[in-house]
Amino acid sequence: MTKNLSNIGLMLTALLAASAVQAQVFKDPALEALLLAENFAELGRVGTARAAADASDEQAVLAQALAALRSNVPAQRQAALARAQQCVERVPKSAACHYAWGAVLGVQAMSEGLMKMAGSVGRIKDELRTASSLEPAWFPARGAVVEFYLQAPALVGGSVSTAKEVALAAPKPEQVTALQGRLALHDKQFDQALKLLGSQQWDPNTSLGRDVRQWQLSAAMSLLNEGQTERVRPTLERLVRERADALGLWGMARLHAANGAHEQALQLLDKLAPLPGADRLPVDYRRGVSQQALGQLDAAKLAFQRFVTSRSSAKSLVDDARQRLESLR
């Protein structure tokens with residue numbers, strides 16, 4: 001249960017990537033443009049200023065919430081949480097405000113410990129479900145409800161069968177297809193996930209398309225870890241053709257490294273490092289692995305040291321980086 005509650009917190013941290021079938025998270029085009037550009041600093045600045053001027057400005061409250069989730073600064077989350085609660089009180093029929101409250105509450109509660117998280121799970125579920133019921137076609141809320149039921153332990157309301165019901169009840173065929181792919185990913189049916197998520201063209205410049213890209217990459221990386229390099233090559237090459245962003249280049253870098261082409265892997269890692277979203281990837285860890293394989297030991301040490309110091313990735317990778325550092329001394 002502890003592990004699953006942690007997963008809920010991690011899932012809610014990622015809610016800013018939630019998608020909308022009409023290519024929008026925001027109804028406000030200016031805010032949507034900032035989100036798609038991953039300019040979270042400006043998104044937070046604009047949202048905070050507008051919400052301070054009008055606590056009923058639901059789009060501003062949503063902007064403040066998503067920026068707070070991305071920044072992971074406690075004070076920023078607390079301010080966004082207070083603003084979301086106030087917005088729900090003033091605009092009780094606002095899906096955006098309920099969604100903002102549920103998402104930020106999950107991350108804030110998780111940051112305060114598992115007991116706080118356990119006590120807040122019911123509220124999180126209620127807020128996300130309310131947001132989805134108020135605007136059934138708004139994909140961020142529906143996607144978040146599906147994630148909740150997939151990640152929460154049964155003791156506090158988690159249910160894979162309910163997640164499937166919510167997914168199949170989506171009002172648009174493309175929503176259903178995307179969520180079925182997400183469910184297959186959760187069930188570790190990685191080939192089926194790639195089949196569903198690759199069954200149609202997704203615009204990589206839309207929010208829905210970006211979610212699908214993340215799920216495709218996740219399924220591909222799982223198969224890659226099983227040694228199925230050629231099985232995932234078409235998916236990874238397609239991701240890069242559609243958009244040479246951090247995710248696409250990351251997938252190809254991993255493929256090159258798995259095939260022993262570490263020089264090509266390093267070239268792609270250098271190329272993706274300055275791109276939006278790269279800060280959420282363990283770039284220095286993978287850079288160090290490839291440099292170590294190539295005998296570039298001093299460079300590998302520096303990469304592993306940067307990675308360990310950042311403390312921004314999975315514990316298993318951090319532990320492995322520490323072990324590699326010890327072996328290089």
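The values are calculated or read from the model by the stated rules, or taken from the named source; none is laboratory data. As the structure is a prediction and not an experimental result, all values here were calculated from the model. When we count neighbours, we look across all protein chains shown, and the Cβ atoms used for this are built from the backbone with ideal geometry, even at glycine. Heads up: the accessible areas ignore ligands, DNA and RNA and are worked out on the full protein's heavy atoms, side chains in. Shrake-Rupley method; radii C 1.70, N 1.55, O 1.52, S 1.80 Å.
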Exercise for the section: Confirm whether Tyr149 is in a helix (DSSP H, G or I), open to solvent by less than 10 Å² (accessible area, probe 1.4 Å) and hydroxyl-bearing (Ser, Thr, Tyr). Expected result: no
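Listed here are the residues, each with its yes/no results for (1) modelled with pLDDT of 75 or more; (2) surrounded by fewer than 17 Cβ atoms within 10 Å (Cβ to Cβ).
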position: Ala17; (1), (2): no, no
position: Ala23; (1), (2): no, yes
position: Leu34; (1), (2): yes, no
position: Glu38; (1), (2): yes, no
position: Arg45; (1), (2): yes, yes
position: Ala51; (1), (2): yes, no
position: Asp57; (1), (2): yes, no
position: Val61; (1), (2): yes, no
position: Gln76; (1), (2): yes, no
Fill in the blank from the handout: With the first residue restricted to region 280-295 and required to be in contact (Cβ under 8 Å) with a residue 60 or more places away in the chain, and the second required to be buried (at least 22 other Cβ atoms within 10 Å of the Cβ), Cβ contacts under 6 Å at 6 or more apart or on different chains are none
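Residue by residue, here is whether (1) over 21 Å from the mean Cα position of the chain (by Cα); (2) in a helix (DSSP H, G or I); (3) over 22 Å from Leu208 (Cβ atoms) holds:
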site: Ile124; (1), (2), (3): no, yes, yes
site: Pro136; (1), (2), (3): yes, no, no
site: Pro171; (1), (2), (3): yes, no, no
site: Glu174; (1), (2), (3): no, yes, no
site: Gly181; (1), (2), (3): no, yes, no
Handout entry: Restricting region 233-259 to residues that are part of a loop (DSSP other than H, G, I, E, B), under 23 Å from Phe190 (Cβ atoms) and open to solvent by 50 Å² or more (accessible area, probe 1.4 Å), the residue that is modelled with the lowest pLDDT
Key = Arg243
Handout entry: Asn72 being modelled with pLDDT under 95 and at positive phi
Key = yes
